[in-house]
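Heads up: the structure comes next, in structure tokens.
The values are calculated or read from the model by the stated rules, or taken from the named source; none is laboratory data. Computed from a predicted structure; not experimentally measured. Counting neighbours? That spans all protein chains shown, and the Cβs are built from the backbone with ideal geometry, glycine included.
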Amino acid sequence: MMLKKLILILAVAIVAAPLLARLISQLVAQGREYDDLKAVPRHHVAIVFGAGVRNGLPTPMLYDRVASAVDLYKAGVVDKLLMSGDNRYIDYNEPAVMRRTATQLGVPDRDIVMDYAGRSTYDTCYRARDIFGLSDAVLVTQRFHLDRALMTCNSLGVRAVGYVADRRVYSASLWWNKLREIPATLNAFVELYITKPLPVLGERVAID
């Protein structure tokens, strides 16, 4: 009987923990998410998170993140764009594609800063603080991901608000991304408060 109770408690905990993590991240994000460009508080830097490259081109989600960051820049909400993505393989370079897209949309190259080791949301936020010296920023990503990004950056000491980059309906991947956020948010809690892994680090880069 005791064993059955323990199994039941364990099963409930396995189900409840990811859902509780999602609830906490959403509560943390309340009042920090903006979808109105004019309402976003002024910051020096916007952090743009990588979201996949195919055949040298940004995925629709990545393009929309970059385009939304460009809107912030052109509106004078931010001065610099920190492009953070994965470049661990020689033939895969998210930040380079992000920079090319931003320059094509009218951002001068001098106002784009590259983070080639933003392999995860955690890594991007950690490096924003320790490599690029940021204490605050605007985070640019889709709504399904924004609360986890805000929770991660704020927990690591980067006071952040978020700008929603949903510029279209992502019907093919919408439900999958929402579902994936449940274990991803639990993993974020584990990284932030238990394992505390070190991302790829290096020399500090000052963002003027």
Inset, instruction - Could you grab the pairs with beta carbons closer than 9 Å, sequence gap of 6+ or different chains, first residue in the stretch 29-48 and more than 15 Å from residue 70 (Cα to Cα), second one aliphatic (A, V, I, L, M) and assigned to a helix (DSSP H, G or I)? - result: 29/146; 29/149; 29/150; 29/151; 32/146; 32/150; 33/146; 33/150
Legend entry - helices (runs of 4 or more DSSP H) completely within the stretch 90-201 that count 1 or more residues being surrounded by fewer than 23 Cβ atoms within 10 Å (Cβ to Cβ) and of a type in the set (Gly, Ala, Ser): 94-104, 143-155, 174-190
Inset, instruction - Please verify whether the stretch 171-178 includes one or more residues that are under 30 Å from residue 38 (Cα atoms) and touching an Asp or Glu at 6+ places or on another chain (Cβ under 6 Å). - result: no
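Here's the yes/no breakdown for (1) among the hydroxyl-bearing types (Ser, Thr, Tyr); (2) modelled with pLDDT under 90; (3) over 25 Å from residue 76 (Cα atoms):
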residue: 128; (1), (2), (3): no, no, no
residue: 136; (1), (2), (3): no, no, no
residue: 148; (1), (2), (3): no, no, yes
residue: 152; (1), (2), (3): yes, no, yes
residue: 155; (1), (2), (3): yes, no, yes
residue: 161; (1), (2), (3): no, no, no
residue: 197; (1), (2), (3): no, no, yes
residue: 204; (1), (2), (3): no, no, yes
Inset, instruction - All but one of (1) farther than 26 Å from residue 182 by Cα; (2) touching a residue at least 40 places away in the same chain (Cβ under 8 Å); (3) touching a strand residue (DSSP E or B) at 6+ places or on another chain (Cβ under 7 Å) hold for residue 65, so report the exception by its number. - result: (1)
Legend entry - Check on residue 96, out of contact with any His (no Cβ under 7 Å at 6 or more places or on another chain), in contact (Cβ under 8 Å) with a residue 40 or more places away in the chain and among the aliphatic types (A, V, I, L, M): no
Legend entry - Per-region count, the stretch 73-89, residues free of Cβ contacts under 8 Å to residues at least 40 places away in the same chain, among the polar types (S, T, N, Q) and outside any loop (DSSP other than H, G, I, E, B): 0
